[in-house]
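*Asks:* Here it is: the structure, laid out below.
Each value in this text was obtained by applying a stated rule to the coordinates, not by laboratory testing. Since the model is a prediction, treat every value here as computed from it, not as a measurement. All Cβ positions, even for glycine, are placed from backbone atoms using ideal geometry, and neighbour counts span all protein chains on display.
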Amino acid sequence: MDMIIYLLLLFVLTIGALTLYFFILDHLWSLLQLANAFLAPLFLPNKDGSLSKKYGPWALITGSTDGIGKSYAFELARRGLNIVLVSRSLEKLNKTQQEIESLYPIKTKIVQADFSLGKKAVDIVKEKVEQLEIGILVNNVGKQYQYPMYLGEVPEEELWDIIKINVGATTLMCRAFIGDMKLRRKGAIVNIASGSEHQPLPLMNVYAASKTYIRNFTRALRYEYSSDGITIQHLAPMFVATKMNSFSDRIYQKSLFVPDPDSYARYAVAVLGKLDESSGYWAHGIQTFLVTLPPEWIRMYIGGYMNNLFREDYLKTESLKNSEADKNKKVA
Ligand SMILES: NC(=O)c1ccc[n+]([C@@H]2O[C@H](COP(=O)([O-])OP(=O)(O)OC[C@H]3O[C@@H](n4cnc5c(N)ncnc54)[C@H](OP(=O)(O)O)[C@@H]3O)[C@@H](O)[C@H]2O)c1
């Protein structure tokens, strides 16, 4: 009997010790990443021109006529890379191309493609850049809900587009370019996920789940290809002040923890080749550390609570807009 109690106690103690060990290890790792997020760009800056030497002369950025993707294009052009811009609107592509060329002495190319078309869009991109040596591929394009919603409220086409764009485009674009990078034994792939990947996220359920896919996909891809000389980076930004967040001023306005896309991209590009895993911005490093401390179920509840606040912001603004429109109609 004593022996059974002794073995049971030993078992419980071993499990407890192992749990504590992994908990500490995990959070020490987060602390290390936090220190890295602060220090890497200061002490290990990428010299201008070094990215094209290291990876190749052209960078292709998906979703590059607005927000983070556009800022990435400008930052990589500033560092001397030739730029391929990819998005849906030809007008925005032309405008962005002119803006870049007026600022930097580099070559640019535009490709009009809609990633909600799946493989067709990837084939178009691949064909248009066949002659170019793509050294850096930034899988930035992403689709989010219009505002935080319950699953049943999100139109089916929108849900399907989120899966095709966030999951499908990232996967097939990696597949399309990684072979050439492997042959050249150099190249970099940057997959932009999101801080929403850290836990299930009510009211942005499918978006967050698609970003968790990107995280796991990117990590496994690194395992498969890093020995071929390819850098495979996973970025998980928190809020950045772009149109994607226009449903609530709390995250659409720039602040200490909500950088504008230029500040974000400048920092994120500075850690390319230095950190394989990063939030991409120093203040987001602090947030990631704090956000990932509590257990997942607490994080999920906090996320759901915040999304309810953003949802109320959106619905309030919409109802104000509607009553203004009604008033104007009556006056007319
Ligand atoms: N903003 C944030 O707070 C935040 C936080 C975490 C992660 N992220 C991630 O960062 C990435 C960029 O987000 P963002 O906020 O910069 O987005 P954004 O401001 O909405 O810009 C989206 C860009 O993608 C293009 N685009 C949209 N749908 C497309 C499609 N179907 N096919 C091709 N191009 C398309 C848009 O141009 P056209 O409309 O002309 O096509 C635009 O250039 C996304 O993956 C997002 O999930 C953003």
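*Asks:* Which of the pairs K119/K254; K143/K329; K95/K329; K243/K330; K128/K164; K128/K243 have their Cα atoms more than 30 Å apart in this structure?
*Replies:* Beyond 30 Å between Cα atoms: K119/K254; K143/K329; K95/K329; K243/K330.
*Asks:* Taking the convex hull of the Cα atoms, report for region 37-320 its projected area averaged over all directions, in nm².
*Replies:* 14.7
*Asks:* Now a separate question. Considering amide H positions built from the backbone, and no H for Pro or chain starts, which residues 5 or more places from V84, or on another chain, come under 5 Å of its amide H?
*Replies:* A59, L60, I61, K109
*Asks:* Follow-up question, since we're still on this one. What percent does the relative contact order of the chain come to when contacts are Cα pairs within less than 8 Å and at least six residues apart?
*Replies:* That works out to 18 percent.
*Asks:* For a label point 7 angstrom out from the Cα of R88 toward its Cβ, which stretches of region 120-135 have the backbone nitrogen within less than 16 Å?
*Replies:* Label zone hits: 120-122.
*Asks:* A further question on this structure: How about region 168-273: which trypsin sites (Lys or Arg not before Pro) there lie in a loop by DSSP and see at most 15 other Cβ atoms within 10 Å?
*Replies:* R185, K254
*Asks:* Whole-Hz Karplus ³J(HN,Hα) for region 80-87, in order, using 6.51 cos²θ - 1.76 cosθ + 1.60 and θ = phi - 60°, x for Gly and Pro?
*Replies:* Listing the rounded values in order: x, 7, 6, 10, 9, 9, 10, 6 Hz.
*Asks:* Considering only C-alpha atoms, what is the centroid distance from region 93-158 to region 255-332, in Å?
*Replies:* 22
*Asks:* Apply the Karplus curve 6.51 cos²θ - 1.76 cosθ + 1.60, θ = phi - 60°, to the phi angles in region 199-204 and return the couplings in whole Hz, x for Gly and Pro.
*Replies:* 7, x, 10, x, 6, 9
*Asks:* Report the full-extension gain for the segment D26 to L183: residue separation times 0.36 nm, less the Cα-Cα distance, to one decimal in nm. Present the calculation step by step, with values, prior to reporting the outcome.
*Replies:* On the way: separation 157, 0.36 × 157 = 56.52 nm, distance 3.55 nm.
Computed gain between D26 and L183 is 53.0 nm.
*Asks:* Which of the chymotrypsin sites (Phe, Trp or Tyr not before Pro) across region 238-332 are loop residues per DSSP, with 16 or fewer other Cβ within 10 Å?
*Replies:* F257
*Asks:* Work out the length of the dipole vector of the chain about its Cα centre, built from +1 on the beta-carbon of each Lys and Arg and -1 on the beta-carbon of each Asp and Glu, and round it to the nearest 20 debye. It would help to have the intermediate numbers written out before the result.
*Replies:* Values: 38 positive and 33 negative charges, 187 e Å.
So the dipole magnitude of the chain works out to roughly 900 debye.
*Asks:* Report the full-extension gain for the segment L320 to K120: residue separation times 0.36 nm, less the Cα-Cα distance, to one decimal in nm.
*Replies:* 67.9 nm
*Asks:* Could I ask something else about it? Given the DSSP H assignment, sum -39500 (n - 2.57) over each helix run of at least 4 residues in the chain and divide by its residue total; what's the result at 222 nm in deg cm²/dmol, nearest 500?
*Replies:* Roughly -18500 deg cm²/dmol at 222 nm, from the helical runs in the chain.
*Asks:* While we're here: Considering Cα pairs under 8 angstrom that are at least six residues apart, work out the relative contact order of region 186-332 and quote it in whole percent. Each step should come with its number before you reach the end.
*Replies:* On the way: 181 pairs, mean separation 36.7, N = 147.
Reported as a whole number, the value is 25 percent.
*Asks:* Quick one: if the Förster radius is 25 Å, what FRET efficiency do L39 and Y301 give, using the C-beta to C-beta distance and rounding to 0.05?
*Replies:* With a Förster radius of 25 Å, E is 0.15.
*Asks:* While we're on this one: Take S196, S246 and order them by how many other Cβ atoms sit within 10 Å, fewest up front.
*Replies:* Taking fewest neighbouring Cβ atoms as first place, the list is S246, S196.
*Asks:* Moving on to the next point. Work out how much length K327 to E224 would gain on full extension: take 0.36 nm times their residue separation and subtract the Cα-Cα distance, in nm to one decimal.
*Replies:* Length gained, K327 through E224: 31.0 nm.
*Asks:* Still on this structure, please answer the following. Need one number: the % of Cα-Cα pairs in region 129-175 sitting beyond the 14 Å mark. Don't skip to the end; give the middle numbers.
*Replies:* Numbers: 640 of 1081 pairs.
Tail fraction, whole percent: 59.
*Asks:* Here's a follow-up. Could you order peptides 135-148, 89-102 by the average number of other Cβ atoms within 10 Å of their residues, highest first? All intermediate terms of the calculation are to be shown ahead of the outcome.
*Replies:* Working: 135-148: 24.5, 89-102: 14.6.
My ranking of the peptides, most packed first, is 135-148, 89-102.
*Asks:* Give me a comma-separated list of calculated 3J(HN,Hα) values for region 291-300, in order, Karplus coefficients 6.51, -1.76, 1.60 applied at θ = phi - 60°, integers in Hz, x for any Gly or Pro.
*Replies:* With the stated coefficients, region 291-300 comes to 5, 8, 5, x, x, 4, 5, 5, 4, 5 Hz.
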